[in-house]
Amino acid sequence: MDTMKTLVCQEPTRLVYQQRPIPQPASDEAVLKILTVGICGTDIHAWSGQQPFFSYPRVLGHEICGEIVSRGNQVTELRIGQLVAVIPYVSCNHCGACNSGRTNCCENVSVIGVHQDGGFSEYLSVPVSNLLVVDDVEPQAAALTEPFAISAHAVRRSAIEQGDHLLVVGAGPIGLGVAAIAKADGAKVIVADTSALRREHVEKMLGLTTLNPADEGFEQALREQFSGMLAAKIIDATGNQLAMNHSVNLIRHGGSITFVGLFKGDLQFSDPEFHKKETTMMGSRNATKEDFIKVGRLMAAGKLTAQMMLSHQFDFATLADKYQAEVINNKALIKGVIHFN
C-alpha cells in the first residue's frame with residue numbers, strides 16, 4: 001500500500017513524522033494532495049498543551065489548500081486536478097443551528113485538524129461539501145482562505161456598509177483579514193494594536209491608518225480619524241480581556257461591538273455605559289460557506305492577497321525540527337504557511 005509522510009502531534013511539545021497509508025475516499029469524499037497549509041493559533045496552543053477539548057495524538061492543520069487526486073464514486077461536481085480550499089468545519093446538519101442555516105455554530109461541529117486529523121500530511125480525504133474550488137487563486141493565498149473567511153464572517157455579522165466608521169482592535173491574522181475585507185466593502189477602517197511591528201505591517205500591506213491603544217492620547221486620535229466621533233462599529237480580534245472589557249467605551253452612541261477573538265473568562269463592563277449608548281454586542285464564530293465564497297471572490301479579484309496576512313513560510317519536510325524555535329517562540333510571526341514539495 002502506498003504511504004505518505006504525516007506530521008503528528010504525539011503529545012504536547014512533541015511533533016513526529018510518521019508514514020501512514022494514503023487515504024482512500026469515501027463515496028462522498030475527495031482525496032487532496034496537500035500543497036499549502038496555514039499555521040493557526042490553534043496549532044500553536046495544541047503543541048503547547050493549552051488547547052481545551054483536544055485529544056492526542058492528532059494531525060494538526062485546518063487552513064488547507066490542495067489538489068484533487070481521486071474522488072468517491074458519488075462525486076460528480078468536482079474534477080481531478082482542481083485546486084480547492086478546505087472548509088474545515090464538519091457540521092452535523094441536524095441541530096437547531098444547522099437547521100437555521102448557521103452551520104458555523106453547529107452544536108456538534110467537528111473541525112478538521114482539531115477534532116479529527118488535519119492537513120499536516122501529504123494527503124487528506126475530505127467531504128466534497130467541505131471543498132471550495134479556488135483555481136484562480138495561488139496556493140499560498142488559498143491556504144489562508146479559512147482565516148480570511150472567519151474575518152469575513154465577523155464583517156458580515158457587523159453589517160459593515162460603505163462609509164461605516166470601523167475600529168478593528170488587534171492586528172493578528174483575523175484582525176488583518178477583518179480590516180482588509182471591511183476596506184474592500186468600502187468602510188473607513190482604523191486598526192489599533194500595541195505592537196509597533198504589527199502596526200507597521202498594517203500600514204505597509206493594507207494601506208490603513210493605525211493607532212496604539214496604549215498611548216495616552218488614543219481616544220482623541222481616534223476621534224480625529226472619525227470626524228470628532230468615536231467608532232460607529234468595533235470588531236475586536238484580540239481575545240484580550242482588558243481590550244474587550246474596554247470596547248464599550250470606544251463606540252459612539254448607537255454603536256455596535258463584535259467579538260471575534262475570545263478568552264476564557266467573563267466579560268465585565270459598565271452597564272450604564274452599555275445602556276445609554278443602546279449598544280449592540282455580539283459574538284462571531286467560525287464561518288459559513290457564504291463567507292468562504294466571498295473570500296474566494298475577493299482573492300480572485302486581487303482585493304485580498306497572501307501578503308496582507310503572511311509573514312513567514314516553512315517547508316513541510318523540515319517543519320518538525322523548527323516548530324518550537326520558528327513558530328512557537330517566534331514573536332515576529334504573524335501568519336505562517338507550510339509548503340509541500
Which of the numbered conditions does A142 fail, given that it passes all the others? Conditions: (1) free of Cβ contacts under 8 Å to residues at least 12 places away in the same chain; (2) under 30 Å from N341 (Cβ atoms). (1)
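Inside the stretch 186-300, counting only helices (runs of 4 or more DSSP H) that do not spill past its ends, which hold 1 or more residues that are among the basic types (K, R)?
Details: elements: 196-205, 218-225, 241-246, 271-276, 289-300.
Result: 196-205, 218-225, 271-276, 289-300.
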Please go through the stretch 8-21 and give me each residue that is closer than 14 Å to G119 by Cα and either open to solvent by 40 Å² or more (accessible area, probe 1.4 Å) or touching an Asp or Glu at 6+ places or on another chain (Cβ under 7 Å) (or both), ordered by number. Y17, Q18, R20
If you check S91, S48, S27, which single one turns out to be touching a residue at least 60 places away in the same chain (Cβ under 8 Å) and out of contact with any strand residue (DSSP E or B) (no Cβ under 7 Å at 6 or more places or on another chain)? S48
Within the stretch 35-51, restricting attention to residues that are assigned to a helix (DSSP H, G or I) and farther than 25 Å from T3 by Cα, which residue is most open to solvent (accessible area, probe 1.4 Å)? H45
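Yes or no, residue by residue, for (1) open to solvent by 50 Å² or more (accessible area, probe 1.4 Å); (2) among the aliphatic types (A, V, I, L, M):
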{"site": "G170", "(1), (2)": "no, no"}
{"site": "I174", "(1), (2)": "no, yes"}
{"site": "A180", "(1), (2)": "no, yes"}
{"site": "K188", "(1), (2)": "yes, no"}
{"site": "D193", "(1), (2)": "no, no"}
{"site": "A196", "(1), (2)": "yes, yes"}
{"site": "A221", "(1), (2)": "no, yes"}
{"site": "H253", "(1), (2)": "yes, no"}
Return a yes/no flag: does the stretch 255-264 have any residue that is at pLDDT below 95 and open to solvent by 80 Å² or more (accessible area, probe 1.4 Å). yes
List every residue pair whose Cβ atoms sit under 7 Å apart, with the two residues 6 or more apart in sequence or on different chains, where the first one lies in the stretch 178-193 and is in contact (Cβ under 8 Å) with a residue 40 or more places away in the chain and the second, anywhere, is open to solvent by 20 Å² or more (accessible area, probe 1.4 Å) and part of a strand (DSSP E or B). I190/T209; I190/L211
Residue hits (the stretch 223-251; open to solvent by 30 Å² or more (accessible area, probe 1.4 Å), more than 27 Å from the chain's Cα centre (by Cα) and among the hydrophobic types (A, V, I, L, M, F, W, C)) are M229
Restricting attention to the stretch 270-304, and to residues there that are surrounded by fewer than 12 Cβ atoms within 10 Å (Cβ to Cβ) and at positive phi, which single residue is modelled with the lowest pLDDT? G302
If I ask for residues that are open to solvent by less than 40 Å² (accessible area, probe 1.4 Å) and under 16 Å from A143 (Cβ atoms), which ones from the stretch 22-34 would you list? L32, I34
Within the stretch 198-219, count every residue that is surrounded by 19 or more Cβ atoms within 10 Å (Cβ to Cβ), of a type in the set (A, V, I, L, M, F, W, C) and more than 16 Å from M309 (Cα to Cα). 1
For the stretch 53-95, give me the residue count where each residue is farther than 16 Å from F120 by Cβ and among the basic types (K, R). 2
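The values are calculated or read from the model by the stated rules, or taken from the named source; none is laboratory data. Computed from a prediction, not measured in an experiment: that's the story for all the values here. FYI the Cβ positions are ideal-geometry reconstructions off the backbone, even for glycines, and counts take in every protein chain you see. All accessible areas refer to the heavy atoms of the entire protein, side chains included, with ligands and DNA or RNA removed. Shrake-Rupley method; radii C 1.70, N 1.55, O 1.52, S 1.80 Å.
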